[in-house]
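The block underneath contains the structure these notes are about, expressed in structure tokens.
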């Protein structure tokens, strides 16, 4: 153990922490506490009358079939987004790692999509696959496939998953490339001399050594799929058709800001918070144990 | 087990950079060949070409009589020990050693037998379940060795395996590697920049410089008769003294460029007037009792006491110009002080003459 750094000044460390604490306080703890407070109240749409209702908001939300539908959608959506965003990024990173000429150009090009705002990314996908005017929609239809995400729920789900995963690939790619570079070349050479072919080397040496990166990205991608994909869903499907692409975070928004059922919406966001905390805790407790840090 | 044969092997990077400019080495079965040279001389590239980690631009590499140029590392059936050990950090010591055998589809009990045998030989039996990071540098080195041994390959390739260890451990492991290699009788190629390792381990020593093999011979032959000033300067510590001189005195002596003259005994001098380089190893200079028997006089400018030896740094006393520092290795306990003028004799037959232009031995 290295000795702890001791600040001679008693106030300075707190002063240095303050900006971060203020930001977290204003943008997380305060809204989160508001949500907790709101979740036990019932308020009319005009904010004129507020009644304390205890846990009844939660009871109603959890008994609502629409809510259970959103839970199912979120599960499908998150697993698919995390899986595709990570596996495609890993594939691209492994490929990019092999390039010798023009490495920088490839990487830059692959990182660009990350700079696009979620709503814009959603619009791009929406236009490309719009059944009335989308290029890809036209191609799909010409190929004899009945493509209409505006009417068919499962197709709408595929579209939002594709858009959300596509946007996250760049980010994952960046981390996987860095992770791959951190693996010593001699290990790969040693494995080659030890008689492992390329596929075997990947699964027995490279993949296990990438585990810290993969685990980090798993946590990040889950959180991303749960929260940050709101813009994409809002732009592409608006939760429809019907409620087939309504995820938990989208329902929070819809019930709270469109339908103005503030109590229900707050209760939902509290449940959502709990789900993410539990998921992250599970990931750290069980998955991280299998991760080998160098 | 097999012999390893290199024939005019060349490596060109990117069409223009010649890393290895045509090297031919023949290593008989069971012998250890050491490639030594300064960094950038192409020794590691040569080893990696034997391993199959680099393509061979020109020439042939054969192992056990088969040309392996177009084979991957696996088919060549060689084992390599890397400088940084290249142990798989996520596997136990056991799995590290078993990995290569499993990849070859060996039966489980045979793998177990071989790993345990190698672990016993290397004193790793108690560490089989540990991860590499829980081991000391010397133990990791042994695991890397073990990974090579269990395979019983046709040849061992060592890429500076001891350079990450501290001096004491390096000496110890050097002896172990030598005895292990002898016992197993596996043909080995060993790359190092350390001349002590080179001298002690080699059956055949290859001194490399600028992509070429400057000299290939037994270590003692190279020490006794270095083929060039480069080899003379590289093998031996402290390095051989080199003095610019001209044959004078009617062909009987040498006049040094810095002033003064030397008459090396038991040495055949070339024609009068020829410019040469006179090489004398520090350990082949002796302090004589009188100036009349001295070949040259050394004006001491610095003294290093090493215990067993005393190194006297200085210049020829009758030098008219600065430069041309000489080092003499004197027996331990010799009393020398800065400013002393020592009459020195070059041991008979121990003068080396090199061409001043090419640096080649005359």
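What translational diffusion coefficient, in µm²/s and rounded to a whole number, does the Stokes-Einstein relation yield for the range B:93-160 at 10 °C and a viscosity of 1.306 mPa s, taking the hydrodynamic radius as the Kirkwood radius over Cα pairs?
132 µm²/s
Express in nm, to one decimal, how much length is gained between residue A:282 and residue A:111 on full extension, taking 0.36 nm for each residue of separation and deducting their alpha carbon distance.
Details: separation 171, 0.36 × 171 = 61.56 nm, distance 3.00 nm.
Between residue A:282 and residue A:111, full extension yields 58.6 nm more.
Going by how many other Cβ atoms sit within 10 Å of their own, how do A:224, A:114 line up, fewest first?
Result, fewest neighbours first: A:114, A:224.
At 20 °C and 1.002 mPa s, grab the translational diffusion coefficient of chain B from Stokes-Einstein with a Kirkwood Rh over Cα pairs, rounded to a whole number in µm² per second.
The Stokes-Einstein estimate is 94 µm²/s.
Taking the 0 to 90 degree range and rounding to the nearest ten, how far is the long axis of helix B:108-122 tilted relative to the main principal axis of chain B, both from C-alpha atoms?
Roughly 30 degrees, rounded to the nearest 10.
Give me P(r) over the range B:280-362, computed from all C-alpha to C-alpha distances, binned every 5 Å, as integer percentages.
P(r) over the range B:280-362, rounded to whole percents: 3, 15, 23, 25, 18, 10, 5, 1.
Can you pull the mean other chain C-beta count within 10 Å for peptide A:194-202?
5
If you average 1/r over every pair of different alpha-carbon atoms in the range B:147-267 and take one over that average, what Kirkwood value in Å do you get? If you can, show how the numbers build up before the last one.
On the way: mean 1/r = 0.0585 Å⁻¹.
With all distinct Cα pairs of the range B:147-267 included, I get 17.1 Å.
Peptide A:206-218: average number of partner chain Cβ atoms within 10 Å per residue?
Taking all residues of A:206-218 together, the mean is 1.
Within the range A:72-104, what residues put their amide N at less than 14 Å from the label point 7 Å along the Cα-to-Cβ vector of residue A:143?
Answer for the range A:72-104: none.
Under the rule of -39500 (n - 2.57) per DSSP H run of 4 or more residues, summed and divided by the residues of chain B, what mean residue ellipticity at 222 nm is obtained, to the nearest 500 deg cm²/dmol?
-7000 deg cm²/dmol
For a footprinting-style exposure proxy, rank B:330, A:91, B:162 by other Cβ within 10 Å, fewest first.
Working: B:330 21, A:91 13, B:162 25.
Least to most surrounded, the residues fall as A:91, B:330, B:162.
Restricted to Cα positions, what overall size does the range B:90-231 have along the principal axes? Three whole-Å values, descending.
53, 30, 26
What do you get when you divide the Cα radius of gyration of the protein assembly as shown by 2.2 N^0.38 Å, with N the number of residues? Working shown, then result.
Values: Rg = 37.1 Å, N = 656, 2.2 N^0.38 = 25.9 Å.
Against the compact-globule rule of thumb, the ratio is 1.43.
Given the DSSP H assignment, sum -39500 (n - 2.57) over each helix run of at least 4 residues in chain A and divide by its residue total; what's the result at 222 nm in deg cm²/dmol, nearest 500?
-19500 deg cm²/dmol
With both partners inside chain B, how many of the DSSP beta bridges are antiparallel, as a percent to the nearest 5?
On the way: 58 of 76 bridges.
Roughly 75 percent of the DSSP beta bridges within chain B come out antiparallel.
Once the Cα atoms of the range B:24-127 are picked out, what are the Rg and Dmax in Å?
16.3, 47
Relative to the first principal axis of the alpha-carbon coordinates of chain B, what is the inclination of helix B:93-103, with its axis defined by its Cα atoms, in degrees from 0 to 90 and to the nearest 10?
Once rounded, the angle reads 70 degrees.
Of B:293, A:237, how do they rank once you tally other Cβ atoms within 10 Å and put the fewest first? Present the calculation step by step, with values, prior to reporting the outcome.
Working: B:293 12, A:237 24.
Ranked by crowding around the Cβ, least crowded first: B:293, A:237.
Could you give the distance between the Cα centres of the range A:171-205 and the range B:203-252, to the whole Å?
43 Å
What is the distance in Å between the Cα centres of the range A:116-161 and the range B:93-116?
Using only Cα atoms to place each centre, the spacing works out to 53 Å.
Can you give the FRET efficiency to the nearest 0.05 for residue B:292 and residue B:200, using r as the Cβ-Cβ distance and R₀ = 60 Å?
Rounded to the nearest 0.05, the efficiency is 0.90.
If you consider only alpha-carbon coordinates, what radius of gyration and Dmax does the range A:64-290 have, in Å?
Cα radius of gyration and Dmax of the range A:64-290 are 20.0, 66 Å respectively.
So in the protein assembly as shown, what percent of DSSP beta bridges are antiparallel if you round to the nearest 5?
Expressed as a percentage, antiparallel bridges in the protein assembly as shown total about 75.
Since every read-out is calculated from the coordinates, none of them should be taken as a lab result. What you see is a predicted model; the values in this text were computed from it and never measured. Here the Cβ is made from the backbone with ideal geometry for all residues, glycine too, and neighbour counts use every protein chain on show.
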